[in-house]
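What follows draws every value from the coordinates through simple rules; no lab data is involved. The structure displayed is predicted, hence computed values, not measured ones. Counting neighbours? That spans all protein chains shown, and the Cβs are built from the backbone with ideal geometry, glycine included.
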């Protein structure tokens, strides 16, 4: 097989793929399926579905499918949670197409929960005014969705899957993207291969692994954003990182997650003294927006009071049946959630920033589309509404497929001797290098739940030092993304949503707008800041 694969994928491929999709999570797989029967190649670093944050999503997908709920209510909740920077037109488009995308997922075999009359069951989560979370067995939505899509993709002959390939570069001719360069982790052919394409869809996931405490897999290190930035793409809202309030605090990397649906179910947050500390902080207490709850828990942990999720009364003896995933996490770590409190801590969970895209998923580079967590569509603003992430992924993946079909009406066929390549043993097992560990600690310490101007400037200096000493291209992509987060956070002189600064603790009305940056601008800002003695008083 190795000889055959080497022949098929020389350093310069003689053919041209119609569409290359980078990433095997929900957004990438859904886009590939919506493009069928057009020939598509999916490149993924891990086995299909394994390195995707989508598979770990517990609660489900937000959709106004319950009687009495409306798209306008969903949009209103999204805008409120987004803290003043949501693009309402994008949010309305997303919410308006939710029901159709749920139907698609049902056709692909996703076993969403239904009531005795056959209607979709829905649950409520924080900052939602209605019950609108469509899920699977309490906390198995992400796993069930990905299993169904992976099976469907493997049965779709127009989709070729290349597993174990780390994409490192986006190829451009002028402003037009015309392919990618990938590294084969398993040594099945040339170390690097060049794959030309008529269209490239970036669906490489988020940035959680840039932080020491995260719920994301090791593949979520911002590589797709860094690649796009190096190619010249505009990035947006890079300062807005969402920290899930209730990662289970048992020292695991990544940290297991206690789904927000537990708090929607009535579970409460208490400190060591048994005090419900969220009650005086916000009128919605445990169901306040995620940034508020994350900061509340962070302060309790930082002050030594501890933070615990109490599910004993609200769930109790039915825990294993209602929330099997969380129950298994707890039992694996010696916790019985039926009778004991669950220790919790905020963890980097979701990224509102990323590659700037329009309503059709187009980036600022011709030939490059993007969907999923790697993007900043404007739908989430400064603070994502719970369970809007999977919705955004499928809505814009479908819109990208429709856009590409319209722009490239005649597809080209390549002789594919192998529909998929199974990952055997990769040379990158996700273990952090010393430099990566330094970066993760820096991001958690200085660009985490609570930020300070002086701390962020010190953090940016460490990132720049890592850049100067780096000789690994994959790490370079992660460093670029971290640097753009750092610069964007330093430039926003206020607190808003997922971005909270103790030196600028209040929102500023005139800054209630999205932020945009290119790599060139970010590099210049960083160099000027160092040259000016770390002064951040530069133009935003």
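In whole angstrom, how long is each semi-axis of the equivalent ellipsoid of region 57-160, when you take the square root of 5 times every eigenvalue of its Cα gyration tensor and sort them from largest down?
Whole-Å semi-axes of the equivalent ellipsoid: 25, 17, 12.
Express the C-alpha Rg of region 244-346 as a ratio against the empirical globular expectation 2.2 N^0.38 Å, rounded to two decimals.
Relative to the rule-of-thumb radius for its length, region 244-346 sits at 0.97.
Need one number for region 434-531: average projected area of the convex hull over its C-alpha atoms, nm².
Over every viewing direction, the Cα hull of region 434-531 projects on average to 6.3 nm².
Cα atoms only: what Rg and Dmax, in Å, come out for region 83-232?
Gyration radius and largest Cα-Cα distance of region 83-232: 19.4, 58 Å.
Can you give the calculated 222 nm mean residue ellipticity of the chain, where each DSSP H run of n ≥ 4 adds -39,500 (n - 2.57) and the sum is split over every residue, rounded to the nearest 500 deg cm²/dmol?
About -10000 deg cm²/dmol.
Would you work out the Kirkwood radius for region 157-287? I mean one over the mean of 1/r across all pairs of different Cα atoms, in Å.
Computed over Cα pairs of region 157-287, the Kirkwood hydrodynamic radius comes out at 18.5 Å.
Using 0.36 nm per residue, how much length does the chain from residue 431 to residue 520 gain when fully extended, once their Cα-Cα distance is taken away?
Gain in length upon complete extension: 29.0 nm.
Rank the residues 212, 54 as a footprinting-exposure proxy: fewest other Cβ atoms within 10 Å of their Cβ go first.
212, 54
Using a Debye calculation, one point per C-alpha and no hydration shell, please list log10 I(q)/I(0) for the chain at q = 0.07, 0.08 Å⁻¹ in order.
Log-scaled intensity ratios, in q order: -0.36, -0.48.
Please report the antiparallel percentage of the DSSP beta bridges confined to the chain, to the nearest 5.
Beta bridges within the chain, antiparallel portion: roughly 60 percent.
Arrange the following residues from fewest to most other Cβ atoms within 10 Å of their Cβ: 504, 165, 176.
So the residues, fewest neighbours to most, are 176, 504, 165.
Quick one: check the C-alpha center-to-center distance for region 298-342 versus region 447-499, whole angstrom.
If you average the Cα positions of each part, the centres end up 33 Å apart.
Given the Cα-Cα distance of residue 299 and residue 115 and 0.36 nm per residue of separation, how much length would full extension add, in nm?
62.2 nm
Sorted by packing (mean other beta-carbon atoms within 10 Å per residue), highest first, where do 330-337, 92-99, 215-222 land?
215-222, 92-99, 330-337
If neighbour count is taken as other Cβ atoms inside 10 Å, put 340, 506 in order from fewest to most.
In increasing order of surrounding Cβ atoms, one gets 506, 340.
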